[in-house]
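Enquirer: One structure follows; several queries about it will come next.
Every number here is computed from the coordinates shown, using simple stated rules; none is lab data. Just so you know, these numbers come straight off a predicted model, no measurement behind them. Virtual Cβ from ideal backbone geometry, glycine too; neighbours counted across all protein chains shown.
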Amino acid sequence: MTWPRLGSCRLAFQKVPMAMNFIIDGPEDARITIMLAHGAGAPMTSTSMDSLAGALAGIGFRVARFEFGYMAARRSGTRRPPPKAERLTAEYRAAIEEFGATGPLIVGGKSMGGRVASMIADELYASKTIAGLLCLGYPFHPPGKPTQLRTAHLIDVHAPTLICQGTRDAFGTREEVGHFGLSKSIEMLWLEDGDHDLKPRKSISGFTAQDHLTTLAEKVRDWGDRLAP
């Protein structure tokens, strides 16, 4: 199954200093901007990222996607494995600075991209740089290794956070996450039978990928309205 491609109102493949590129979806005058980084193995132009950005742009957000250096290098034939998430936090800070959002900004991303953003969310929230954190399929632990948790910083995170997670995500199921003792600042949106890309099996769940995209977008809109009324 592949995600449906929604109309995304793409405006630009914007070049900025330091050769960092952004893909911009949604209206330029949107009230809230959402910055999204990609997962460990797929670029910002993956079908999943296209569909997620399109769904959010389609309800009025301005969505800015960018790539970490190791992924951008693959476009010129230099294939490197992803670094540890901790080594990418500086690149995420640089992306925020270079993009220069003028209104409320939500940071986050798909899988590893959301994890990297989560590591700097509190400092950015304290400095009023961001309004919140959005994680799309958070990698709570490596698949098949439920004791190798990546949650220590999520126990007492203060930045308003929304994690959208499939109930059968191999990186953290609903049953597992309920025992992690996450901060009260974190809201969870559980998408029934969704995998790590949030996609359900229609024959089992009765939901389609588009159903989950719609649910996700509506939840993010309601959550965003509370962050920046």
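Enquirer: Among 148, 213, 60, whose Cα projects farthest towards the positive end of the dipole of the stretch 10-227, with charges put on the beta-carbon of Lys, Arg (+1) and Asp, Glu (-1)?
Expert: Value: 148.
Enquirer: Give me 198, 213 sorted ascending by neighbouring Cβ count inside 10 Å, so fewest comes first.
Expert: Details: 198 26, 213 22.
Going from sparsest to densest Cβ surroundings: 213, 198.
Enquirer: Pick from 185, 203, 118 the residue whose mean-square fluctuation is largest in a GNM of the chain, springs joining Cα atoms under 10 Å.
Expert: Highest fluctuation among the options: 203.
Enquirer: Additional query: Place a +1 charge on the Cβ of each Lys and Arg in the chain and a -1 charge on the Cβ of each Asp and Glu, then give the dipole magnitude about the Cα centre in debye, rounded to the nearest 20. Before the final figure, lay out the partial values.
Expert: Working: 27 positive and 24 negative charges, 128 e Å.
For the chain, the charge dipole is close to 620 debye.
Enquirer: Taking a ≥ b ≥ c as the square roots of the eigenvalues of the Cα gyration tensor of the stretch 105-158, is the shape rounded (a/c under 1.5), prolate (a/b larger than b/c) or oblate?
Expert: On the way: a/c = 3.55, a/b = 1.83, b/c = 1.94.
The shape class here is oblate.
Enquirer: At 7 Å along the Cα-to-beta-carbon direction for both residue 187 and residue 73, put a label point, then send me their distance in nm to one decimal.
Expert: 3.9
Enquirer: Here's a follow-up. Counting other beta carbons within 10 Å of each Cβ, put 110, 219, 199, 84 in order, fewest first.
Expert: Working: 110 29, 219 15, 199 22, 84 8.
By the 10 Å Cβ count, ascending: 84, 219, 199, 110.
Enquirer: Going down the list 84/145; 128/219; 84/184; 110/219; 199/219, which pairs span over 21 Å between their C-alpha atoms? Present the calculation step by step, with values, prior to reporting the outcome.
Expert: Values: 84/145 17 Å; 128/219 23 Å; 84/184 27 Å; 110/219 16 Å; 199/219 16 Å.
Flagged as over cut-off: 128/219; 84/184.
Enquirer: Separate question: In whole Å, how far is the Cα centre of the stretch 88-159 from that of the stretch 179-194?
Expert: Between the Cα centres of the stretch 88-159 and the stretch 179-194 lies a distance of 15 Å.
Enquirer: Ranked by Cβ crowding within 10 angstrom, fewest neighbours first, how are 190, 223 ordered? Spell out each step's value before the answer.
Expert: Details: 190 15, 223 18.
In increasing order of surrounding Cβ atoms, one gets 190, 223.
Enquirer: Something else now. Could you check the spin-label model distance between residue 226 and residue 174? Points 7 Å from the Cα along Cα→Cβ, value in nm.
Expert: It works out to 1.9 nm between the two label points.
Enquirer: Identify which of the listed values of Cα Rg over 2.2 N^0.38 Å was calculated from the structure shown: [x] 0.94; [y] 1.06; [z] 1.71.
Expert: Label [x] holds the value from this structure.
Enquirer: Report Rg(Cα)/(2.2 N^0.38 Å) for the stretch 54-137, keeping two decimals. Present the calculation step by step, with values, prior to reporting the outcome.
Expert: Details: Rg = 13.3 Å, N = 84, 2.2 N^0.38 = 11.8 Å.
So the Cα radius of gyration is 1.12 times the expected 2.2 N^0.38 Å.
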